[in-house]
Amino acid sequence: MNKQARLLVLGLALLPIVVIANIARGQADIGFGTVLRVLAHSRHSTEYEVIMNFRLPRALVGLLAGAALALVGALLQTTLRNSLVSAGTLGIHAGAYLTAVAATVFLPAWVGRYPLLLTFAGGLLAVALVYALAGRTSHSPLRMVLSGLIVTMLLGSATNMIQILFENETRQLLIWGNGSLAQNDWTTVRSVWAPIAACLAAAWLFSRHLDAISLGEDTARSLGQRVGRVKLTIVLLSVFLSALIVSVTGPIGFVGLVAPHVVKLAGFRRHAALLPASALCGALLLVAADTLTYRPDTIANQVPVGAVMALIGAPWLLVLALRMARSHGMGAGLRQLQMSQYGAKGRFAYGIGAGVLLLVLFLVLVLGCTLASGFALSPRQVLLALIGQGEPLAQQIVLQFRLPRMAGAILAGAMLAASGLLVQGAVRNPLADPSIVGISSGAGAGVLLLIVLKPEASAWQYSAAALIGAFAAAAITFLLGWRARFQPGVLIMIGIAVSAAFSALIQILILQTPYSISAQIWMNGSTYAMRWTAVAVLAAASVILLPLSWLHGRRLELLGFDDEASTGLGLRPSLARLGALALGVALSALAVSQVGTVGFIGLLAPHAAQWLVGHSFRRRLTLACLIGGAMLAGADVIGRVIMIPNEIPSGTVAAMVGAPYLFYLLWRSQRRG
């Protein structure tokens, strides 16, 4: 018996052990011996009913889902010749989840009748968008994964908006949306085991074709393979399997990324053995992760298995990114992603641009104080209230509620834009947005941890917690990025992994609070109920950190050259980079502490500023702050009035505008490239 056969036998031997361990865990633990005795003899006991109706179906669904997700990962990695792809990183899960949520609200009758059809359509939509963005012939692993990230953000923003607008209809999807294996009977097992088994068998029949494709498409064609037809079949099979699993468990990531790599590290190469070994590893991995989700002595707020898998899978993504950095550079995939190259033919005058943006800010401020879903005021009433005149009721509404909300949005938007500009300049990476490299998620996790431990904390304490979380995330991202010489692609992959880990922690913490829906809205970015105390935090941070950032401008301009040239010009690159990163992290953390995790502003505002005034850092900083403030304040106004009487969080509105715009820019760069 060779090594691979021994490993397969070992995995099969571990299956019953892992399943029994999973069955034994629950709100009330059951001993191993009791489980075996109940299954063998005690068919009329309470334990037997619990095991047979709840725990055993859950364990079997975990086995089937884990096997299917791991198989999908192995198939996609070979077919696309990209070791970083899986159903999660390609956006298939996000697309399937979006259609499931949308159907729950708009087509509830279809959810019960055609759940697989709905999720399959969403998965196909995601794959089509990724291919449109990355290009059908893209050979860059980074480009494919970045395209999946952008599509996931785009579809996730739409999903969040639906969940917030239709809170009552989608409330039951909150835990399921983070991945859940909970079962009440055998219905799911009976409905999915046959399709999954058929797909496993069909995939195994393609083993020889996949072996040929793994040698390269040209080699496969010379061996007589119809590469295009095989790839299309495998992608459709993968989307079908992913959609099937999402329809019963919700989106569960990282299984398809981790399991195939574990199997490959064990020495499996030929797909006739690699595919079943990956399925076996995925089944063991997911059931073991599910075992860790139980909290003894409680029946509420169980940890989603998707969050546990993210905590397990994020380190694997870090390892893969660093391995790829050592084997070959990953910066090439960003050469065509420079969005500022699509600027105007000529540059706008700095003064005109600043003047126009200040006027826009003032108009947005007045509009935000005027419009509301409840009590609308005229512009005259607002202006009188701002100068301390007018009706007492109007003054109270404007000065105590609407003005601090708008001021907080403007300050937070400016800080996020400045943070993005600083981080992008420090690491010479056009996509280094605080939300992408993990800073925002780290800050959000710090705030939510404080909410769980001390709900009555002050705004200043939330700021301190956000700083701790953000600097922890930034330390991981940038220390590992420094080891990889800040290669743009590697840094983005590290940031994605760190963001995934902290986002999983956020989901776990949200479920531990008694205000899970409110916490989720805040994490999507919200200026709702902003008070002057929070504005004071943002104002103090802006007064201190923005001038320091402006003074740091000359160093960041020199960092635009390579380190040798910067050193020759008298700069110490390491200290300059560290200072810029510290400022960027602090600005982002303090903004997140008051308005939640708002994405895209730190990415798009700096590029818009460069489109206007070129490469001068100080001019870009000024205009980026004005653009960022206008973006977040405008998103807040739109969110208040677009769906009266409901309010959409400003972060969700910003994402709904920013994600399609970013998608368009990257698609345009792909077409021109």
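A few notes on this one:
- Oblate is the label for segment 15-117. Its Cα gyration tensor axes, ordered a ≥ b ≥ c, give a/c of at least 1.5 and b/c at or above a/b.
- Start at zero, step by 5 Å, and the Cα-Cα distances of segment 525-593 spread as 3, 15, 22, 17, 14, 10, 8, 6, 3, 1, 0 percent across the bins.
- Segment residue 479..residue 642, full-extension length gain: 54.4 nm, with 0.36 nm per residue of separation and the alpha-carbon distance subtracted.
- Karplus-derived 3J(HN,Hα), 6.51/-1.76/1.60, for each residue of segment 210-225, Hz, glycine and proline x: 5, 4, 5, 5, 5, 7, x, 5, 5, 4, 4, 5, 5, 8, x, 7
- Taking a ≥ b ≥ c as the square roots of the eigenvalues of the Cα gyration tensor, segment 394-461 is classed as oblate, since a/c reaches at least 1.5 and a/b does not exceed b/c.
- For residue 211, net neighbour charge (Lys/Arg +1, Asp/Glu -1) across residues whose Cβ lies under 12 Å away: +3
- Distance histogram for segment 37-92 (every C-alpha pair counted, 10 angstrom bins, percent rounded to whole numbers): 21, 30, 18, 16, 13, 1
- Rounded, prolate or oblate (a/c below 1.5 giving rounded, otherwise prolate when a/b exceeds b/c) for segment 590-673 by Cα gyration tensor: oblate
- Here 452, 595, 364 are placed in order of increasing Cβ neighbour count within 10 Å, fewest first, which gives 452, 364, 595.
- Taking 143, 531 and counting other C-beta atoms within 10 Å, the order from fewest to most: 531, 143
- Hz values of 3J(HN,Hα) by residue in segment 413-424 - Karplus curve (6.51, -1.76, 1.60), Gly and Pro given as x: x, 5, 5, 5, 5, 5, 4, x, 5, 5, 5, 4
- Diffusion coefficient (Stokes-Einstein, Kirkwood radius over C-alpha pairs, 4 °C, 1.567 mPa s) for the chain: 49 µm²/s, rounded to a whole number.
- Residue 572-residue 544 FRET efficiency (beta carbon distance; Förster radius 35 Å; 0.05 resolution): 0.90
- Percentage of interatomic Cα-Cα distances in segment 105-219 larger than 17 Å: 74
- Space enclosed by the convex hull of the alpha-carbon atoms of segment 620-661, per residue, Å³: 58
- Residue order, fewest to most surrounding Cβ atoms within 10 angstrom, among 49, 564, 217: 564, 49, 217
- Each label point was placed 7 Å from the Cα along the Cα-to-Cβ direction; for residue 380 and residue 401 their separation is 2.2 nm.
- Sites residue 393 and residue 113, calculated FRET efficiency, Cβ-Cβ separation with R0 60 Å, nearest 0.05: 0.70
- Dividing the mean sequence gap of close Cα pairs (under 8 Å, 6+ apart) by how many residues the chain holds gives a relative contact order of 18 percent.
- For segment 246-279 versus segment 366-421, the gap between their alpha-carbon centres in whole angstrom: 53
- Structural descriptor for segment 103-212: relative contact order 21 percent, calculated from alpha carbon pairs under 8 angstrom and at least 6 residues apart.
- 18 Å cut-off, amide nitrogen to a point 7 angstrom out along residue 106 Cα→Cβ, residues in segment 159-177: 159-171
- Residue 457 paired with residue 53, simple spin-label distance in nm, labels 7 Å along Cα-to-beta-carbon: 4.2
- Within segment 620-637: backbone nitrogen closer than 13 Å to the residue 363 label point (7 Å, Cα to C-beta): 634
- A simple spin-label model places pseudo-atoms 7 Å from Cα toward Cβ; at residue 536 and residue 565 they are separated by 4.8 nm.
- Phi angles across segment 11-22 convert, under the Karplus curve 6.51 cos²θ - 1.76 cosθ + 1.60 with θ = phi - 60°, into 3J(HN,Hα) values of x, 5, 5, 6, 3, x, 5, 5, 5, 5, 4, 5 Hz, Gly and Pro given as x.
- Its alpha carbons give segment 174-243 an Rg and a Dmax of 16.8, 52 Å.
Every number in this text was worked out from the coordinates using simple rules, so none of it is lab data. It should be emphasised that the depicted structure is a prediction, and the values quoted were computed from it without experimental measurement. As a convention, Cβ positions derive from the backbone with ideal geometry for all residues, glycine included, and neighbour counts pool all protein chains shown.
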